[in-house]
Each structure stands twice: as C-alpha cells, then as structure tokens.
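The values are calculated or read from the model by the stated rules, or taken from the named source; none is laboratory data. Note that this is a predicted model, so its numbers are computed, not measured. Note: ideal-geometry Cβ built from the backbone for every residue, glycine included; neighbour counts use all protein chains shown. Calculation scope for accessible area: heavy atoms of the full protein, side chains included, ligands and nucleic acids excluded. Shrake-Rupley method; radii C 1.70, N 1.55, O 1.52, S 1.80 Å.
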Amino acid sequence: MRKLSFVFCGLFISALIMAQPFGIGHKQITFVDASRSNRSILTEIYYPSTTSGDNVPIANGQFPVIVFGHGFVMSWDAYKCFWDTLVPEGYILVFPRTEGSISPNHNEFGKDLKFLNEQMKNENTNPSSFFYQKVASKSSIMGHSMGGGSSFLAAASYTNFTTLVNFAAANTNPSSISAAQFVTVPLLMFAGENDGVAPPANHQIPMYDSCSSLCKTIVTIKGGGHCYFANYNFNCSFGESTTSPQPTITRDEQQRRVFYLLKPYLNYMLKNSSVDSVKFFNRLQNNSEYTYQRTCNITTNILTNNQLNKISVYPNPFKNSLKIKIDNNEKVSIEVYNILGEKVNELVTNTNEIHLNTENWTSGIYFIKVNTFYFKVIKE
C-alpha cells in the first residue's frame, strides 16, 4: 500500500510538472533571403524553454510557429504581451525587425513574413539549426496595423500555413484590400470599435469583405482602440491621440478580450484541440464585449433536434459514427461541413436512416446540413 502511495505521488508530481507553462527563451537570428538579392532579415524569436533567458535551451516537443508583423514605426518589443501570453502555452513567436522606417516598403515586409514562415519550417529539418525537430507543421501569419495589412500581402496566393490572424489591419501600398481577394486560408481579424487610426469601415471591413477564405471571422472589440492591441509605444500612442474616436476601455482590458478568444482559436487551429474549438465558438457567440461577423459557407439557421420533429441527428457528442434519422422516405440531400466551412462529406438518399462513419474525422465542431436545415454536432 505504501509502495502504491509513492507511485501515485510520483505520477501526480510528474503530471503537475508537465502541466506547468513553459519558460520564455529568446534568440536573435539574421536570416538571409537569397531570392531577394540576399536580403538580410534581423529576427527576434521567442520560444518555449525550460528556463527563461537569452539563448537558453528550447524545451522538448514540437511547437507551432507564429510569424508576427509590427505596426508602422513600431518595433517588435511593443508586442511583449503576445510572447508573454503565447510562448508559455507552447508557441514559437517570430518577429522580423525590417521596415521600421518612416517610409517602409509594405510589399517587401509582406514577403519577409512569408519568407520567415518558410524559413522556420526549413529550420525544423536542418540538423545544424537550433530549432531542429522543434517546429510543428502548422503555423500562423499575424500582424498589427501595417503588419496586419502586410499579412494579407504575405497570404495572397500562398497557402503553406494554417491561419491568418491580424489586429487593426491597415490598408497598405500595394493594397491589402485588393490582395485579400487572393487569400484562401482561414482568417481571424480583430478590430477596435473606436479605432481612429485605421477605422474598421475603411480598413478591416473592406479587407474582410474582399477576402476569399473558406472560413473567415471578424471580431470587433467594443470600445477598443488601435494601439491597445500592443504594449505602450510612443509613436503609436502619439498618433492615436490626434484621432477620433478614442478608446473607452483600458489597454489591459482590450488585451484580455483579445486573448480570451485568440488562445482557444490557436489551440484549435494549430494544436487540433477539440475542446478549444468548442470553447472558441461558445465564447464568440456568448459575449457582449464583442460584435462579430463569421462566414463559413453556412448561412442557414442552425436548428437543434428539438426544433425539428422529422429529423434527428445523434448521438451528440459522437465518436466513430453518426446517425441521421428522417421521418419519411423522401429524397434528401446531406452535406457535412467542419468549423472552417470545408465540406467533408455529402450524399443524396431516400433512406430514412443514414449511418456515417466518422472514425477518420478530426475532433471538433461539425455542421450537418439536411436539405436546408443545419445541426451543430461535436466529435469527441
């Protein structure tokens, strides 16, 4: 009995240690893009580690990469809130320090974001790299303000990453609004309701409307401003102080609202967490601190089983199979979409009971369309 107690305590302590957040390691690397006349890209990288500090060993595991573009005349260190929040959760954050002048080249900055996304994937397969076998296959390109607009330039006709996320994205030259029509990866945009620097009506909303993503979401933070997505930066704050309207919530509150949605979204998109897919969806729908628009090829009202007597979809949640029972023998069309709006199955039948094999489906939220009616179901 005493031996079992020691074993239990050992397992408990091991589990507790594994559950602890990672430390924050930091490394500066200058990458060279040979395809652009050996362009040098000074880059700040923050990564999960066992102890915090510069050039400390990276933690065990493979971690999704987030490449983040800074705002106009802002530096990477204005985004400490992002690496402080996300690195302990198991993400590598990559910040290019290029195009920080008063006359930045937005097109080159977009190419830097795309290049670093590819470069970090290459680091994973390079035995001499510090990040060898430490980089997961999924990644995100992000950006704030100018970096947000440039993230659309990076993502135009480019799909070797998982999701595009940006904050108060500002229209660029060349136009990120025009570039958005060539973006097809899933998109999550954040806007500040009281952004006087890059007003949503002139910047984020046109980008969102133009975007060709299969699934796209724009979240507007009530009372939120432009610069409050980042830590304090004199240039950004001074510029914002001359605009109207002004934010009516604090910087800390705005960032709390961002990470309340961003963390489960990234955990679902980049780590395949089914629990976080449900959490993101529920938080998005049931919070008065935001307004949002979401387009995922699903425009019909979602009905529960109790609202439709003639059709049943069960069990819910489900595991390896899903049944659809129809109270007649009429021909019906059935389509299945995942939370990204991608069609994963379809059939036409006049059978009144259909069995779907879902063993190979990934965990998460699905929408079952039976003729014109939708049912939301969850695979565990």
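Is it the case that Asp209 is farther than 22 Å from Ser277 by Cβ, crowded, with 24+ Cβ neighbours inside 10 Å and either modelled with pLDDT under 95 or out of contact with any helix residue (DSSP H, G or I) (no Cβ under 7 Å at 6 or more places or on another chain) (or both)?
Against the criterion (farther than 22 Å from Ser277 by Cβ, crowded, with 24+ Cβ neighbours inside 10 Å and either modelled with pLDDT under 95 or out of contact with any helix residue (DSSP H, G or I) (no Cβ under 7 Å at 6 or more places or on another chain) (or both)), Asp209 does not qualify.
Count, please, the residues in segment 328-339 that happen to be under 16 Å from Phe373 (Cα atoms) and open to solvent by 70 Å² or more (accessible area, probe 1.4 Å).
Matching residues across segment 328-339 total 2.
Considering only segment 46-75, state which residues are crowded, with 22+ Cβ neighbours inside 10 Å and without any contact (Cβ under 8 Å) to a residue 60 or more places away in the chain.
Listed by number, the residues that qualify are Tyr46, Pro48.
Look through Ile354, Ile326 and report the one residue that is among the hydrophobic types (A, V, I, L, M, F, W, C), farther than 30 Å from Ile218 by Cα, out of contact with any Phe, Trp or Tyr (no Cβ under 8 Å at 6 or more places or on another chain) and modelled with pLDDT under 85.
Ile326
Quick one: Glu342 ticks every box in (1) farther than 22 Å from Gln285 by Cα; (2) open to solvent by 60 Å² or more (accessible area, probe 1.4 Å); (3) of a type outside the set (S, T, N, Q) except a single one, so which number is it?
Going through (1) farther than 22 Å from Gln285 by Cα; (2) open to solvent by 60 Å² or more (accessible area, probe 1.4 Å); (3) of a type outside the set (S, T, N, Q) one by one, Glu342 breaks only (1).
Residue by residue through segment 221-238, note down the ones that are crowded, with 21+ Cβ neighbours inside 10 Å and among the hydroxyl-bearing types (Ser, Thr, Tyr).
Result: Tyr228, single match.
How many residues are closer than 15 Å to Ile66 by Cβ and either in contact with a Cys (Cβ under 7 Å, 6 or more places away or on another chain) or of a type outside the set (A, V, I, L, M, F, W, C) (or both) when one looks only at segment 265-294?
Total satisfying the criteria: 4.
Within the set of pairs 6+ apart or on separate chains, which have a first residue in segment 253-277 that is within 15 Å of Ala191 (Cβ to Cβ), a second that is open to solvent by 30 Å² or more (accessible area, probe 1.4 Å), and C-beta atoms under 6 Å apart?
Going by the 6 Å Cβ cut-off, the qualifying pairs are Gln254/Tyr228; Arg257/Glu289; Leu261/Arg283.
Mind checking which residues of segment 334-380 are in a strand (DSSP E or B), in contact with a helix residue (DSSP H, G or I) (Cβ under 9 Å, 6 or more places away or on another chain) and among the aliphatic types (A, V, I, L, M)?
Passing the criteria: Ile365, Ile378.
Can you name the condition, by its number, that Ala198 falls short on among (1) more than 24 Å from Thr98 (Cβ to Cβ); (2) at pLDDT 95 or above?
Checking Ala198 against (1) more than 24 Å from Thr98 (Cβ to Cβ); (2) at pLDDT 95 or above, the one that fails is (1).
Kindly evaluate Ser241 against the criterion of being surrounded by fewer than 17 Cβ atoms within 10 Å (Cβ to Cβ) and within 19 Å of Gly71 (Cα to Cα).
Answer is yes for this residue.
I want to confirm something. Restricting to segment 323-380 and keeping residues that are of a type in the set (Asp, Glu) and in contact with a strand residue (DSSP E or B) (Cβ under 8 Å, 6 or more places away or on another chain), which single residue is nearest to Ser273 (Cα to Cα)?
Step by step, filter segment 323-380, then rank; the result is Glu380.
Could you pull out every one of the helices (runs of 4 or more DSSP H) wholly within segment 98-206 that has 2 or more residues that are surrounded by fewer than 22 Cβ atoms within 10 Å (Cβ to Cβ)?
Passing ranges, in order: 106-124.
Out of segment 252-272, which residues are open to solvent by 30 Å² or more (accessible area, probe 1.4 Å) and under 15 Å from the mean Cα position of the chain (by Cα)? Working first, answer last.
Pass one, segment 252-272, residues open to solvent by 30 Å² or more (accessible area, probe 1.4 Å): 252-253, 256, 260, 263, 268, 271-272.
Scanning segment 252-272 gives Tyr260, Lys263, Tyr268, Lys271, Asn272.
List, please: which pairs have Cβ atoms under 8 Å, are six or more places apart or on different chains, and start with a residue in segment 364-375 that is without any contact (Cβ under 8 Å) to a residue 40 or more places away in the chain and end with one that is assigned to a strand (DSSP E or B) and not hydroxyl-bearing (Ser, Thr, Tyr)?
Tyr366/Val336; Tyr366/Asn338; Tyr366/Val344; Tyr366/Lys376; Tyr366/Val377; Tyr366/Ile378; Tyr366/Lys379; Asn371/Val332
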